[in-house]
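To start, the structure under review is shown below, and the notes come after it.
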Amino acid sequence: MAHNMLEALTHSITETDFSVNRTTIVRWLRPFAATTPTFYLLFVIPFALLGYFALLLFPGLSIWLYLKLINSLYFTADSPHWPDTMMLGSFLLLSTLASIALARLVFRTPAGSPVNYEKTPVLFRLIKKLQQHYGRPGISRVLITRDDSVKITRNPVSWFPVKFRNTLEIGLSALLCTSPLEFRGMLAREIAKLASQKNPVTGWMLSLHRQWADYHYYLEQNGGLILKPLAFFFRYYSPLYNAVSFFAARRAETRSDRYTLEIMEDDDAIDAIIQTIIFQNFLRKKYWPQVINQPKDGKHRVFLPYKKMSQTVRKNVKEADIKRWIEQALRQFGDTRTTLPPLKTRLRLLGHEKPVYPPALKETAAEYYLDFSMQQLLINSFDKSWMRQAGMQSS
């Protein structure tokens with residue numbers, strides 16, 4: 001149970017492990033992507049379009065069968081071909097029902113505490129400033145979430161992914177465990193990635209990694225029996241596409257790192273990267289396991305995770321742990337499980353060979369970008385939510 005709760009706190013629903021030999025495919029494509037990157041992208045583009053063609057299959061088939069049926073009724077009204085006409089009508093009915101079910105597909109709205117300019121004016125001024133710098137990418141909502149990262153979720157407005165409703169999800173842990181400058185670097189990277197001004201092709205390919213996984217999830221959960229063939233297609237297509245487009249996605253991630261240099265110095269950008277690795281490792285490997293496994297007998301005072309998080313990070317992150325986590329990240333050079341480039345590559349492309357270790361955390365991003373009352377409101381709300389989920393009562 002503790003393990004399942006930790007997974008829920010640190011992973012999104014789309015991080016699904018499918019049975020595709022991703023490592024082998026990536027190894028086969030590595031020479032192709034490295035030596036002829038343009039031809040590699042031309043190879044990936046039609047593969048990326050397969051998902052769109054799959055979504056158009058039932059509506060397109062409905063139109064084609066309808067025209068065939070009209071043609072059949074017109075030319076065979078007095079001839080003995082009614083069985084063929086009835087068969088066309090049956091297939092048309094099935095494809096129409098599938099098209100209607102597809103059109104009614106609803107995408108989950110990300111969960112979290114919504115904030116706006118009135119509630120968090122300093123945070124919103126930062127967001128607006130970054131949007132202006134990176135070409136005004138549209139953000140519909142801003143949420144504070146239980147996650148420990150900053151990310152943007154793109155939900156299609158309709159069943160076909162042309163127009164999107166973008167939600168900026170800011171993990172409360174990220175605000176509580178980073179400095180204002182480090183948080184600014186995390187946020188700038190995600191907004192720049194959404195904009196994709198200078199890398200529209202690879203940026204689009206990177207966005208499809210999560211998009212096609214989302215389609216598999218929602219078709220499986222809400223598509224019904226009639227959309228099972230489409231759900232089955234995306235079950236295997238999504239991880240296969242992610243493997244084939246791996247190097248294109250890596251290129252987009254690398255450029256997102258470089259975009260942060262437009263609004264901050266390279267040392268500060270690296271500081272943000274290193275601090276993210278440090279606090280996420282601390283929370284996932286040390287903090288949350290101890291919080292989740294604390295006594296639940298009602299005799300001990302409950303340790304409230306969000307209330308104590310900043311203080312614990314300030315006092316309990318050891319230098320030996322920091323060096324070990326960073327060294328581990330520097331050794332993870334061939335990790336194909338994530339599109340995020342290895343730390344060594346990210347440092348080199350930002351002009352450094354060695355990491356820049358962040359200074360001691362003095363003022364947190366939460367203290368700088370949120371009013372005190374708003375900060376306490378969020379912390380209390382998240383702590384109460386955690387206690388309900390953990391089955392604890394306040395003492």
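Quick look at the numbers
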item: Cβ charges +1 (Lys, Arg) and -1 (Asp, Glu), total dipole of region 80-235, debye; result: 560 debye
item: Net charge over other residues, Cβ less than 12 angstrom from the Cβ of K362 (K, R count +1; D, E count -1); result: -2
item: Cα-based equivalent ellipsoid, region 228-340: semi-axes from gyration tensor eigenvalues, Å; result: 34, 25, 13
item: Nearest-20 debye value, the chain charge dipole, Cβ charges on Lys, Arg, Asp, Glu; result: 580 debye
item: Volume of the Cα convex hull of region 122-167, divided per residue and given in Å³; result: 90 Å³
item: Cα gyration tensor, region 275-395 - rounded (a/c under 1.5), prolate or oblate; result: prolate
item: Unit Cα scatterers, Debye sum, region 247-308: log10 I(q)/I(0) for q = 0.14, 0.21 Å⁻¹; result: -0.63, -0.88
item: Solvent exposure, largest accessible area first (probe 1.4 Å, DNA, RNA and ligands not counted), of S149, S173; result: S149, S173
item: Ranking by accessible area, most exposed first, for D267, D257, D335 with a 1.4 Å probe; result: D267, D335, D257
item: Over the chain, relative contact order from alpha-carbon pairs under 8 Å, at least 6 apart, %; result: 21 percent
item: Interchain or long-range residues, amide H under 5 Å from G171's placed H; result: T145, S149, V150, K151
item: Computed [θ] at 222 nm, deg cm²/dmol, the chain (DSSP H ≥ 4; -39,500 (n - 2.57); rounded to nearest 500); result: -20500 deg cm²/dmol
item: Of S99, F183, T24, farthest towards positive along the dipole that unit charges on Lys, Arg, Asp, Glu beta carbons give the chain; result: F183
item: Surface accessible to a 1.4 Å probe, per residue, for the residues of the chain, Å²; result: 52 Å²
item: Cα gyration tensor shape of region 98-200, rounded if a/c is under 1.5, else prolate or oblate by comparing a/b with b/c; result: prolate
item: Proximal charge balance of N316 [Cβ under 11 Å; K/R count +1, D/E count -1]; result: +4
item: Leading residue at positive end of dipole, the chain (Cβ point charges), from W325, L377, F246; result: W325
item: Where GluC sites (Glu not before Pro) in DSSP loops with at most 15 other Cβ within 10 Å are excluded, longest remaining stretch of the chain; result: 119-264
item: Cα lying deepest toward the dipole's positive end in the chain, options L230, V115, Q275, charges on Cβ; result: Q275
item: Region 86-129: mean projected area of Cα convex hull, nm²; result: 5.2 nm²
item: For region 325-395, alpha-carbon Rg over 2.2 N^0.38 Å; result: 1.72
item: Accessible-area value, M87, 1.4 Å probe, nucleic acids and ligands omitted, Å²; result: 110 Å²
item: Between helix 246-259 and the chain: long-axis angle, C-alpha atoms, 0 to 90°, nearest 10; result: 40 degrees
item: Magnitude of the charge dipole, region 269-318, Cβ model with Lys/Arg +1 and Asp/Glu -1, debye to 20; result: 240 debye
item: Surface share of carbon and sulfur [accessible, 1.4 angstrom probe, percent] for the chain; result: 58 percent
item: Over the chain: Kirkwood hydrodynamic radius from C-alpha pairwise inverse distances, Å; result: 23.6 Å
item: Cα shape, region 183-294, gyration tensor, a/c 1.5 rule; result: oblate
item: Neighbour-limited loop hits for trypsin sites (Lys or Arg not before Pro), region 113-186 (at most 11 other Cβ within 10 Å; DSSP other than H, G, I, E, B); result: K163
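The values are calculated or read from the model by the stated rules, or taken from the named source; none is laboratory data. Just so you know, these numbers come straight off a predicted model, no measurement behind them. Note that we place each Cβ from the backbone using ideal geometry, even for glycine, and neighbour counts take in every protein chain shown. What goes into the accessible areas is simple: the full protein's heavy atoms, side chains included, and nothing from ligands, DNA or RNA. Shrake-Rupley method; radii C 1.70, N 1.55, O 1.52, S 1.80 Å.
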